Amino acid sequence: MPRDYSTNILAGWERYRVKLVERIEPTEAGRKPRVEVTLVREARTYRCSGCGQETAKVHDTVVRCVRDLPILDAETHVWVPRYRVACPTCGPKIEALSWLSPWDRVTKRLAESVVRLCRVLPVKQVAEFYGLDWDTVKNLDVAALAAQLLPVDFTGVTVIAMDEFALRKGHRYATVVLEPQRKRVLWVGQGRGREDVRPFFELVGTEGCRQVQAVVMDMNPAYEEEVRVQCPHTVIVYDLFHVVAKYGREVIDRVRVAEAYRVRQDHTARKVIKGARWLLLRNRENVKAEDRVRLRDLLAVNRRLAAVYVLKDDLKHLWDYTYPGAATRFFVGWYQRAIRSRIGPLKTFARRLKAKLPGIIAHCHFPLHTSLLEGITNKIKVLKRMGYGYRDDGYFFLKVMAAFPGIPENAG
């Protein structure tokens, strides 16, 4: 067998051969054994990392210790002479190697293995598995994610969806922008105000903003104001999920609390009303069989709760219409019933919703919704739990984008 078979074919340390291999057993409990590999130069020419040309001239040499993939149960430390070539074109430049980036302390294959494991495990566990520093693992993952995801290609993006999610406790929020057709996260940024989402539109550019035809969102006034400034021709679409969720908070919850206070002397009735929050907010088809009797009895004895519950279900039908005229007539009928109910929170909500009617009716032309975005928001929470939180928001946002790369255009 040739002397260099194992090094060139199995080890793959191009331009070098093994001079010495030594196994060092750990002296402390819990530490892994270490394999020390000393390499010597085999090739006589050097490739410039700047222009790529070969030269035989060397500017200087330094021996570095780099980490490679583990050998069986042992960490692998490779001592390798690194040459700075005297390139006639670029001047002094580090030598280019296929298996080691110019200034890295880990081989490319170890870096790739670390990045693959970071897709399914937190950084802490990956660092412990390979015996690497936490920051080293994180920096490798960040570099790989940035190379894969950035810069974002906005070509052909005509419809976007915007939503917010809780970044951490203390009313810290972030905004996520999605391309619904391809299920691709385009951008994630801190905050939910006008100034916070402006960097997205600056990234898209003037031409990109012109091609955006519709934006689906909740009724966040900051989003709406910035979209109207950056994309004045764009149609704003309000989705069903957020309108109904807003109805639950501003109408059902307030009426339920007021009714519980009104019957405060009747402890049994008060307890029933206070414990009925999720019964009233849940979709009728999702109410369990054992809870339907309790819901029916509650609505039978409380007219105000029955009124807001029925009008909640009716409001959802507004998104079933595909013709603007029919949708407008349906809303007018719903609005009149809400005003005649003489229920304060319901009347207030109806008047505010009337001012937003064009954005609701717009779904007839752009049947969009953020249910997909809500699903993505739920998965973002899972990512946070997997990572036990993220100290670096930029890193976390890259992880979110990597989790939703989108459906390829030629798929299917």
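The values are calculated or read from the model by the stated rules, or taken from the named source; none is laboratory data. Values in this document were obtained by computation on a predicted structure and should not be read as measured data. Positions of Cβ are generated from backbone atoms using ideal geometry, with glycine treated the same way; all protein chains shown enter the neighbour counts.
Inspect region 139-149 for any residue being outside any helix (DSSP H, G or I), under 30 Å from I236 (Cα atoms) and within 15 Å of the chain's Cα centre (by Cα) and give the result as yes or no. First the steps, then the outcome.
Kept after step one, since they are outside any helix (DSSP H, G or I), are these residues of region 139-149: none.
No, because not a single residue in region 139-149 is outside any helix (DSSP H, G or I), under 30 Å from I236 (Cα atoms) and within 15 Å of the chain's Cα centre (by Cα).
Does region 313-336 contain at least one residue that is on the phi < 0 side of the Ramachandran plot, within 34 Å of the chain's Cα centre (by Cα) and aromatic (F, W, Y)?
yes
For a quick check of your reading of the model, give me the residue pairs whose first member lies in region 19-42 and is under 12 Å from E75 (Cα atoms), whose second is surrounded by fewer than 13 Cβ atoms within 10 Å (Cβ to Cβ) and acidic (D, E), with beta-carbon atoms closer than 9 Å and at least 6 apart or on different chains.
Filtered contacts from region 19-42: K32/D73; P33/E25; P33/D73; R34/E22; R34/E25; V35/E22; E36/E22; V37/E22.
With the condition being of a type outside the set (A, V, I, L, M, F, W, C) and over 20 Å from L346 (Cβ atoms), I'd like the helices (runs of 4 or more DSSP H) fully within region 250-312 carrying at least 3 qualifying residues. Spell out how you get there, then give the answer.
Values: elements: 253-262, 267-274, 277-281, 289-301.
Of the helices (runs of 4 or more DSSP H) lying wholly inside region 250-312, those with at least 3 residues that are of a type outside the set (A, V, I, L, M, F, W, C) and over 20 Å from L346 (Cβ atoms) span 267-274, 289-301.
In region 60-74, what residues are among the acidic types (D, E) and touching a helix residue (DSSP H, G or I) at 6+ places or on another chain (Cβ under 6 Å)? If you could, list the steps in order and put the result at the bottom.
Of all residues in region 60-74, those among the acidic types (D, E) come to 60, 68, 73.
Result: D68, single match.
Please give the number of the condition V251 fails out of (1) within 29 Å of R282 (Cβ to Cβ); (2) at pLDDT below 95.
Unmet for V251, out of (1) within 29 Å of R282 (Cβ to Cβ); (2) at pLDDT below 95: (2).
Right, R84: part of a strand (DSSP E or B), among the charged types (D, E, K, R) and either over 22 Å from N139 (Cα atoms) or modelled with pLDDT of 95 or more (or both) or not? Steps first, answer last, please.
Details: part of a strand (DSSP E or B): yes; among the charged types (D, E, K, R): yes; either over 22 Å from N139 (Cα atoms) or modelled with pLDDT of 95 or more (or both): yes.
Yes: the conditions hold for R84.
Which one is modelled with the lowest pLDDT among residues in region 1-54 that are outside any loop (DSSP other than H, G, I, E, B) and small (G, A, S)? Even if it seems obvious, please write down each step before you answer.
At the first step, the residues of region 1-54 found to be outside any loop (DSSP other than H, G, I, E, B) are 5-11, 16-24, 34-41, 46-48, 54.
Those still in the list that are small (G, A, S) too: 6, 11.
On the way: S6: 52, A11: 70.
Out of the qualifying residues, it is S6.
Given the conditions (1) buried (at least 20 other Cβ atoms within 10 Å of the Cβ); (2) in a loop (DSSP other than H, G, I, E, B), report the number of the one that Y223 does not fulfil.
With (1) buried (at least 20 other Cβ atoms within 10 Å of the Cβ); (2) in a loop (DSSP other than H, G, I, E, B) applied to Y223, the lone miss is (2).
So, of the residues in region 171-197 that are assigned to a loop (DSSP other than H, G, I, E, B) and modelled with pLDDT of 90 or more, which turns out to be nearest to A161 (Cα to Cα)? Spell out the reasoning first.
Residues of region 171-197 assigned to a loop (DSSP other than H, G, I, E, B): 171, 180-183, 191-193.
Those left that are additionally modelled with pLDDT of 90 or more: 191-193.
On the way: G191: 16, R192: 14, G193: 16 Å.
Out of the qualifying residues, it is R192.
Could you grab me the full set of residues in region 119-138 that are of a type in the set (D, E) and assigned to a helix (DSSP H, G or I)? Break it down stepwise before answering.
Pass one, region 119-138, residues of a type in the set (D, E): 128, 133, 135.
If the condition is that a residue be of a type in the set (D, E) and assigned to a helix (DSSP H, G or I), then E128, D135 are the ones that fit.
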